[in-house]
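What follows is a single structure, written as structure tokens, with notes after it.
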Amino acid sequence: MATNRSGAAQRPNGAPQTKVCQFKLVLLGESAVGKSSLVLRFVKGQFHEYQESTIGAAFLTQTLCLDDTTVKFEIWDTAGQERYHSLAPMYYRGAQAAIVVYDITNQDTFGRAKNWVKELQRQASPSIVIALAGNKSDLAAKRMVEFEEAQAYADENGLLFMETSAKTAMNVNDIFLAIANKLPKSESVGGGAAGGARRLNDADAPRSSSCCK
Amino acid sequence: MNEEALLARASEERERIFQRYERGRDNLAGQIDPWEDPEFEDYHKTDRYGFIHDERLTQKTAPQKVNVEVEREKKWVKMLGSWESAATKEKLHRRIYKGIPNSLRIKIWCKLLNVNTIKSENPGKYQEMLKLAKQWSTDVRQIDSDVNRQFREHQFYRERYSEKQCSLFNVLCAYSMYNSEVGYCQGMSGLAGVLLMYMDEEDAFWALAILLSDKKYAMHGLYVEGFPKLTRFLEHHDKILTKFMPKLKLHFDKFGLDAILYSLKWFFVCFVERVPFSLCLRVWDIYLLDGERVITAMAYTILKLHKKAIMKLNDMDLIVNYIQVKLHKDFGFEDDVVIYNLERSMEELKRAKLDYPGPPPPSELPQRQLGMFIEPDKKSKIGQRAENFSETEKQARATVILRREKAALDLQELRVSQSDTVSGNLEILEASPPTSRTSSDVSLSSDQFTHL
């Protein structure tokens, strides 16, 4: 399953148009756990050692092709500092998916991730798909959070879980893909349910981004 | 871990981080992780402001521009000699709008901010705050992680633990003690980073202090818990859009694009990394002269100049990208043209009595005495996060949610009123139906909207 880097909805093999679903996804987690780096890896295939800190939030999109559906993610990447926490509802309200990120070399960030999960369970859409990402898996030598511990927590709470590395790209596409697979691709157009995808008509399918990138 | 162990751990961490900055780059040979210190290759090129670009610079400053700036420098040097004179006061406005010569920014910015006055009134204060920070600051970890990624493409900050990185770290740590209500908030590293491109460490500290607490700039209200000034200025920004560019406002609303989503850095760091650096400096020149209404007018000017282009973009990511990324890389207008328009915008807004959203209420100003030491509580010492939101945060949170829901409601009304004329197009636009979910802490009574 390849990521469609151009952002176009058209399938390259000229197969008949598939349906296009658009989902809002938000990234949450402690400062400097690698939220922006995960997005940068997923959207542009790049990694910056000194990714600048996010003020407020950043917005990016990426399209994934599943077998019969094209999924377009609208990604809101939020600031990690606690002070910005009160702005978070702006970004996660109406989101169909969330990735809560922690740093496997820092136990505190895992505790913080649990708090984010709790908040999403209370405040976000009840049908939101939540994934937990233990990032910086390339630094396994400095590991402070055990894989099994996080897996058990994810299982208890019905979360998708993967350890990822934005640096080596390990599991980055996979976690987005797992989310895409889990999201309901409802048929209803402009559906009323908060958890439903927005189905785009073929004519309205996202155009390939020809500028501003 | 028990509390004592946690406390010990926090204080060890602080000491370890401080030590590295004190030793500095030259004494840390072999101890800087490779990821902290990316290698820059020879073909990188530095521009006149110290930013290193990936590619050879194509636009060299035109020779006639250099000549003009040299001529201006002479006038400015003369003016600096009689700063308090009536003649200077008369010329200052016009000259600053033309742009301060880059070589003199270091002096003029200090003059405009009255750095020397506050510095001489507070002898030894900076060193005292820095010393306190070393023992007590609870923001060190966040500051460290932000210094490590602020302006890394600039020659001053490209090397880990370089002199300017150390200064940036020190200024922010000292300030976190000086203003105990704000401490350190992400965004401030951008402000201090720019100031340090032109000033030494102590001057930059006092310049930062003035930007936050002087009523002319009052950035305290932007960074303090709950961001009260941000909310107030965004409402004002919306008001301006509704009055002068209703179609554009509608265009944003159609895509659920709240101003907070595209303009946060305009307000927080005065356009740093949102417009090209040369233009950003011109706006800073004027901001330091005329204060906070410049930000309101510049926000308006950016949208006015790019209205046509933005109206053609029919996707939220295209719009956000255009405003946040494209305009930073290439603004599409000469700096002089933008500044000319900024000045016209200020006049236009003034005529409409929309140039200024009013003086800051007390909640946006420092309540505690600045520079007074308050021992942090145990929780913050350990670095533990608060379990619950404070009242201020709850309020901020509710405001944010209401803003979003009101926009969604407005859009729904719009759909209803336009349903005869607009075909399926609006159907795909997101407005998460505000009433489909009940939120525990926010209800949608109409009187609540009035505080928005």
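The values are calculated or read from the model by the stated rules, or taken from the named source; none is laboratory data. A quick note: this is a predicted structure, and the numbers were derived from the prediction, not measured. Heads up, the Cβs are rebuilt from the backbone with ideal geometry, glycines too, and the neighbour counts pull from every protein chain shown. Heavy atoms of the whole protein, side chains included, go into the accessibility calculation; ligands, DNA and RNA do not. Shrake-Rupley method; radii C 1.70, N 1.55, O 1.52, S 1.80 Å.
The single condition from (1) of a type in the set (A, V, I, L, M, F, W, C); (2) modelled with pLDDT under 90; (3) more than 30 Å from A:Lys24 (Cβ to Cβ) that B:Leu354 fails is (2). Restricting region B:103-121 to residues that are free of Cβ contacts under 8 Å to residues at least 40 places away in the same chain and among the polar types (S, T, N, Q) leaves a set whose member that is farthest from B:Val68 (Cα to Cα) is B:Ser120.
Among the residues of region B:163-179, is any surrounded by fewer than 20 Cβ atoms within 10 Å (Cβ to Cβ) and either without any contact (Cβ under 8 Å) to a residue 40 or more places away in the chain or of a type in the set (S, T, N, Q) (or both)? No: zero hits. Taking residues in region B:340-352 that are more than 15 Å from B:Ile302 (Cα to Cα), and partners anywhere that are modelled with pLDDT of 95 or more, the pairs with Cβ atoms closer than 8 Å and at least 6 places apart or on different chains are B:Ala352/B:Lys243; B:Ala352/B:Phe244.
Can you tell me which residue within region B:361-383, out of those that are polar (S, T, N, Q) and open to solvent by 100 Å² or more (accessible area, probe 1.4 Å), is farthest from the other protein chains (Cβ to nearest Cβ)?
B:Gln369
None of B:Arg293, B:Arg368 is modelled with pLDDT of 95 or more and either within 30 Å of B:Pro123 (Cα to Cα) or under 18 Å from the mean Cα position of the chain (by Cα) (or both) except B:Arg293. Among the helices (runs of 4 or more DSSP H) confined to region B:299-406, the ones with at least 2 residues that are closer than 27 Å to A:Trp76 by Cβ are located at B:316-321.
Mind checking whether some residue in region B:144-156 is in a loop (DSSP other than H, G, I, E, B), closer than 26 Å to B:Leu230 by Cα, open to solvent by 10 Å² or more (accessible area, probe 1.4 Å) and in contact (Cβ under 8 Å) with a residue 40 or more places away in the chain? Outline the logic, then answer.
Residues of region B:144-156 that are in a loop (DSSP other than H, G, I, E, B), as a first pass: B:148-153, B:155-156.
Subsequent filtering for residues that are closer than 26 Å to B:Leu230 by Cα retains B:149-151.
Narrowing the set further to residues that are open to solvent by 10 Å² or more (accessible area, probe 1.4 Å) leaves B:149-150.
Checking which are in contact (Cβ under 8 Å) with a residue 40 or more places away in the chain leaves us with B:150.
Yes: one or more hits.
Among the candidates B:Gln186, B:Gln155, the residue that is away from chain A (no Cβ under 14 Å) and either at pLDDT below 95 or in contact with a helix residue (DSSP H, G or I) (Cβ under 7 Å, 6 or more places away or on another chain) (or both) is uniquely B:Gln155.
Among residues of region A:86-108 that are without any contact (Cβ under 8 Å) to a residue 40 or more places away in the chain, those with a beta-carbon under 7 Å from a residue that is of a type in the set (Ser, Thr, Tyr) at least six positions away or on a different chain give the pairs A:Arg93/B:Ser432.
Check B:Ala87, B:Ala133 and return the single one that is in contact with a helix residue (DSSP H, G or I) (Cβ under 9 Å, 6 or more places away or on another chain), open to solvent by 40 Å² or more (accessible area, probe 1.4 Å) and either farther than 16 Å from B:Met199 by Cβ or among the aliphatic types (A, V, I, L, M) (or both). Spell out how you get there, then give the answer.
Details: B:Ala133 fails: open to solvent by 40 Å² or more (accessible area, probe 1.4 Å).
Answer to the selection: B:Ala87.
Checking each residue in region A:137-159 for being over 12 Å from A:Ile104 (Cβ atoms) and open to solvent by less than 40 Å² (accessible area, probe 1.4 Å) picks out A:Tyr153, A:Ala154, A:Leu159. Note on region A:125-154: residues that are touching a Gly at 6+ places or on another chain (Cβ under 7 Å) and of a type in the set (D, E, K, R) amount to 1.
For region A:32-65, a residue qualifies if it is open to solvent by less than 40 Å² (accessible area, probe 1.4 Å) and free of Cβ contacts under 8 Å to residues at least 24 places away in the same chain, and the qualifying residues are A:Ala58, A:Phe59.
Can B:Ala259 be described as away from every other protein chain (no Cβ under 14 Å), under 20 Å from B:Gly187 (Cβ atoms) and among the small types (Gly, Ala, Ser)?
Working: away from every other protein chain (no Cβ under 14 Å): no; under 20 Å from B:Gly187 (Cβ atoms): yes; among the small types (Gly, Ala, Ser): yes.
Spelling it out, it is not the case that B:Ala259 is away from every other protein chain (no Cβ under 14 Å), under 20 Å from B:Gly187 (Cβ atoms) and among the small types (Gly, Ala, Ser).
No other residue among B:Ile100, B:Ile32, B:Ile96 is in a loop (DSSP other than H, G, I, E, B), open to solvent by less than 100 Å² (accessible area, probe 1.4 Å) and modelled with pLDDT of 85 or more apart from B:Ile100. Answer yes or no as to whether B:Ala352 is of a type outside the set (Asp, Glu), loosely packed, with under 14 Cβ neighbours inside 10 Å and either more than 27 Å from B:Met219 (Cβ to Cβ) or more than 18 Å from the chain's Cα centre (by Cα) (or both). So B:Ala352 passes the test. Going through region B:314-335 one residue at a time, which ones are open to solvent by less than 40 Å² (accessible area, probe 1.4 Å) and in contact with a Cys (Cβ under 7 Å, 6 or more places away or on another chain)? Once the filter is applied, which keeps residues that are open to solvent by less than 40 Å² (accessible area, probe 1.4 Å) and in contact with a Cys (Cβ under 7 Å, 6 or more places away or on another chain), region B:314-335 yields B:Leu318, B:Asn321, B:Tyr322. When region B:123-145 is filtered for residues that are at pLDDT 95 or above and among the hydroxyl-bearing types (Ser, Thr, Tyr), only B:Tyr126 remains. The residues in region B:384-407 that are open to solvent by less than 50 Å² (accessible area, probe 1.4 Å) and within 17 Å of A:Glu119 (Cβ to Cβ) can be counted, and the count is 10. Of everything in region B:117-143 that is part of a loop (DSSP other than H, G, I, E, B) and farther than 15 Å from B:Tyr184 by Cα, the residue that is nearest to the chain's Cα centre (by Cα) is B:Asn122. For B:Leu305, are the conditions met, namely being touching a helix residue (DSSP H, G or I) at 6+ places or on another chain (Cβ under 9 Å), free of Cβ contacts under 8 Å to residues at least 40 places away in the same chain, on the phi < 0 side of the Ramachandran plot and not acidic (Asp, Glu)? When the stated conditions are applied, B:Leu305 passes them.
The residues listed here are B:Met298, B:Met311; of these, the one that is away from chain A (no Cβ under 11 Å), open to solvent by 30 Å² or more (accessible area, probe 1.4 Å), aliphatic (A, V, I, L, M) and in contact (Cβ under 8 Å) with a residue 12 or more places away in the chain is B:Met311.
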